[in-house]
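These notes are about the structure you will find just below.
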Amino acid sequence: MDALDRVAGPALTLLALVDSSLAHHGAAADDPVWPLARRLRALPGDAVAAFVAVRPAPLVAAGTAIRPHLDRYAEAADALAVHRDWSGAAAQAYDAGRQALAARLVGGGPDPGAVSHAGRLAATAAYAEATARWVSLSRAALARTLAEVLGSAEAVTVTTGTGTGTGTDGPGVTAGADAAARIAVPVLSVLLEIVEHGESLAAWWGPLLAPADAAGPVDDAPVRSDGSIRLRY
């Protein structure tokens, strides 16, 4: 259990009241809550509930489970590196195909920028681990914001329903609705930062996670032989 788990229960109870207030009583037309809600396409209670369910442990486990498979790619590449003591057109074609397949598996070869299966697998593991760190840091940041709004005067107003007078945004908005908007703004703001960081993370890793086949197929052109194969014993 982390900090977000500890505050999630009371925070979601408060934010359910905030969502209801925004849905039924609104806020001033120029209130900063509206641009935030439009960008996230969610009210604070729904958005927080969705993120509370996101946890880093499955991502860490995924990265850990992937890494042992890298050794198998290395073992296969080592097997392909064994030189056969034969010559001729077929031998040359075999050597070229063997080297190309080894490069496809673990990288290297004449093209240092070629995509390898092991490289993509390692990138997938690293992406899972980086995403887990993003989730952990994001949960901590959201927990701090929720703790702050839970201890605010606006939370008392929204929870007790005492704000029936005119709010700070004018005669058309009650104090209770104004308090709900004041709670929603910091919650939506931190959630928007979390989403933007997650999008940046995905954009940075995206090119490294392209399918390994993007490097093009191993040359499978038919081998032309001069009819002789030379073997040495």
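Taken over the range 135-161, the criterion of being open to solvent by less than 60 Å² (accessible area, probe 1.4 Å) and either under 13 Å from the mean Cα position of the chain (by Cα) or among the small types (Gly, Ala, Ser) (or both) is satisfied by VAL135, SER136, SER138, ALA140, ALA141, ALA143, ALA147, SER152, ALA155, GLY161. For the range 50-63, the set of residues classified as within 14 Å of LEU191 (Cβ to Cβ) and open to solvent by less than 50 Å² (accessible area, probe 1.4 Å) consists of PHE51, VAL52, listed by residue number. The number of residues in the range 179-233 that are in contact with a strand residue (DSSP E or B) (Cβ under 9 Å, 6 or more places away or on another chain), aliphatic (A, V, I, L, M) and either under 17 Å from ALA130 (Cα atoms) or modelled with pLDDT of 50 or more (or both) comes to 2. Filtered by the rule that a residue be farther than 15 Å from LEU192 by Cα, in contact (Cβ under 8 Å) with a residue 12 or more places away in the chain and assigned to a loop (DSSP other than H, G, I, E, B), the range 14-34 gives HIS25, GLY26, ALA27, ALA28, ASP31. Looking at ALA37, ALA47, ALA11, ALA77, just one residue is farther than 22 Å from LEU191 by Cα, open to solvent by less than 40 Å² (accessible area, probe 1.4 Å) and not in a loop (DSSP other than H, G, I, E, B), and that residue is ALA77.
The values are calculated or read from the model by the stated rules, or taken from the named source; none is laboratory data. Quick caveat: nothing in here was measured; it's all calculated off a predicted structure. Note that each Cβ is placed from the backbone with ideal geometry, even for glycine, and that neighbours are counted across all protein chains shown. Quick note on the areas: whole protein, heavy atoms, side chains included, nothing else; ligands and nucleic acids left out. Shrake-Rupley method; radii C 1.70, N 1.55, O 1.52, S 1.80 Å.
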